[in-house]
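The values are calculated or read from the model by the stated rules, or taken from the named source; none is laboratory data. Every value quoted in this text rests on a predicted model; they were computed, and no experiment measured them. Neighbour counts run over all protein chains shown; Cβ positions are idealised from the backbone, glycine included.
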């Protein structure tokens, strides 16, 4: 993804008077790389999952980078039909105009047809700052919950807020006499 598209999104936020702070860093492709290369940026860093259900509906699930996501439980929570799986790189490019490694809530800027349903972990609502990529993985943009809400409103979108259920614990192994 080009720096020009990222600049376009950041300019859009500025034009809409949505206050954000953006940090430059080496390109990152995974949460682990991000932790190692992004530096000390305050706030919750997000993990973003581009998903599709059995009916070929697409979802963008945004959660804390430290969260463990169980797709079966998430599918139930958000009403996905036929379970959830990861969307393809081709669908990601077609629908959100981005490459793997750059997935973020700000990519909804590119979703003119509103083909992707945004789902945000409700636990992020209490965050002071939420950090995500501005359509390119060599930058991190930090925004408040209010700024995130303003962005969604500006692009005419409403997010579904969900707290995924924890999957049932594995039953204990049967006791065997010794």
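Within the range 53-93, the set of residues being within 17 Å of residue 110 (Cβ to Cβ) and not in a helix (DSSP H, G or I) comprises 58, 59, 60, 62, 87, 88.
Matching residues to (1) within 15 Å of the chain's Cα centre (by Cα); (2) closer than 21 Å to residue 6 by Cβ:
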| residue | (1), (2) |
| --- | --- |
| 80 | no, no |
| 84 | no, no |
| 94 | no, yes |
| 97 | yes, yes |
| 101 | yes, yes |
| 109 | yes, yes |
| 118 | yes, yes |
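Residues in the range 105-126 that are outside any helix (DSSP H, G or I) and either on the phi > 0 side of the Ramachandran plot or out of contact with any strand residue (DSSP E or B) (no Cβ under 8 Å at 6 or more places or on another chain) (or both): 111, 112, 113, 114.
If the condition is being at pLDDT 95 or above, touching a strand residue (DSSP E or B) at 6+ places or on another chain (Cβ under 9 Å) and surrounded by fewer than 18 Cβ atoms within 10 Å (Cβ to Cβ), then the range 90-104 contributes only 91. Looking across the range 28-48, the residues that are modelled with pLDDT of 80 or more and either over 19 Å from residue 127 (Cα atoms) or assigned to a loop (DSSP other than H, G, I, E, B) (or both) come down to 41, 42, 43.
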